[in-house]
Amino acid sequence: MTRSLASVALFLFALVPAARASVAPPSVSARLAQDDEREDERDDVAERIKTLQGHIKKKGDEDLEAIAVVDGLTNEFGDFGPKDRADVVKAIDACFKARRPKELEPGVVDDRLVFAAATALGEMGPESVKSLLSRLGDKSVKNNMRVKPRVALSMGRTRDERVIDPLTKLLVDKDMEMQAAAAEALGNFADVELDARKDIFKELLSVLIDLKTKRDGDATDQEAFKRWNMISGPFVETMQRLSKHDEREAEAWQAWWNDNKKKDWDAEDE
């Protein structure tokens, strides 16, 4: 496969789990409420986990088969009992430990399995929260700017408030990809308590203003321009979701915040 064809293949592969992640996961409260009615410790779940483990051990030769198992477990996760859910999360988390030293082509790492695992865990909250938090700083994804942002996005997908603080800290990460991912992930918390939304909004606004100041302060600073172009969209979109207000420019957002930071942003919906 030529470099261009392989790159296209990787791009298309990335779109599949991302598209699936755009669909809201089942209500966690509804799922937990039905746990007493669900069969748990199912033989078929144990067998599928065993099959996944077998594929993982093949050092990349059967990663596509492993990903198919991960997808199946993800789609049915809400139907599993609590013990089975815990076992599934543990099995998928183990994908991060699989080493794939063989490149798909020169300069293209084989991260297909860990990317699929990171995406799947986003649909498995709250059981997957601890796993995602631990993997965020894991050496297996430390320098991978395809997988690490996906971990951050999946943290947001869990809609578990334990991830808000770690995501907020990522808004000032040295890597612009992580800043953008963290901002997008925080958009999943548009329905949390108002004070929490205001805290998130305030941090987003502070970073947005700072980056715009740096961009405008030096026309030769290409890094500032590149960072601004990557992060401004996700930042603004999440600010819109949190505030239920529509502005586009950083200065307009600052003025709106000054006028509305002590007001009830939900009053118009009542």
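What follows is calculated from the coordinates using simple rules that are stated; it is not laboratory data. Predicted model, so just to flag it, every value in this text is computed and none were measured. Here the Cβ is made from the backbone with ideal geometry for all residues, glycine too, and neighbour counts use every protein chain on show.
Some notes on this structure:
- Shown here: the chain, whose C-alpha atoms stretch 59, 51, 26 Å along the first, second and third principal axes, sorted largest to smallest.
- From the alpha carbon centroid of region 48-114 to that of region 133-210 is 24 Å.
- DSSP-assigned coil residues among trypsin sites (Lys or Arg not before Pro) in region 54-121, each with at most 11 further Cβ atoms within 10 Å: LYS57, ARG99, LYS102
- Degrees between helix 112-121 axis and first principal axis of the chain (Cα, 0 to 90, nearest 10): 70
- Counting only lysines at least 8 places from LYS102 when in the same chain, those with an alpha carbon closer than 17 Å to its own are LYS57, LYS58, LYS59.
- On Cα atoms only, tilt of 147-157 relative to the major axis of the chain in degrees: 80
- Between the helical axis of 194-217 and the longest alpha-carbon principal axis of the chain there is an angle of about 70 degrees.
- When the Cα gyration tensor is reduced to axis lengths a ≥ b ≥ c, the ratio a/c is 1.5 or higher for region 130-270, and with a/b not above b/c it is classed as oblate.
- Most mobile listed residue (ALA180, ALA116, ALA224) in the chain, GNM with C-alpha springs under 10 Å: ALA224
- Across LYS90/LYS226; LYS130/LYS226; LYS90/LYS198; LYS169/LYS226; LYS130/LYS261, pairs whose alpha-carbon gap is larger than 28 Å: LYS90/LYS226; LYS130/LYS226; LYS90/LYS198; LYS130/LYS261
- Candidates per GluC sites (Glu not before Pro) in region 181-234, loop by DSSP, up to 12 other Cβ within 10 Å: GLU193
- Taking the helices alone, the chain has a mean residue ellipticity at 222 nm of -19500 deg cm²/dmol, built from -39,500 (n - 2.57) per DSSP H run of at least 4 residues and averaged over all its residues.
- In region 148-255, the trypsin sites (Lys or Arg not before Pro) that fall in loop regions by DSSP, at most 14 other Cβ within 10 Å: LYS174, LYS244, ARG248
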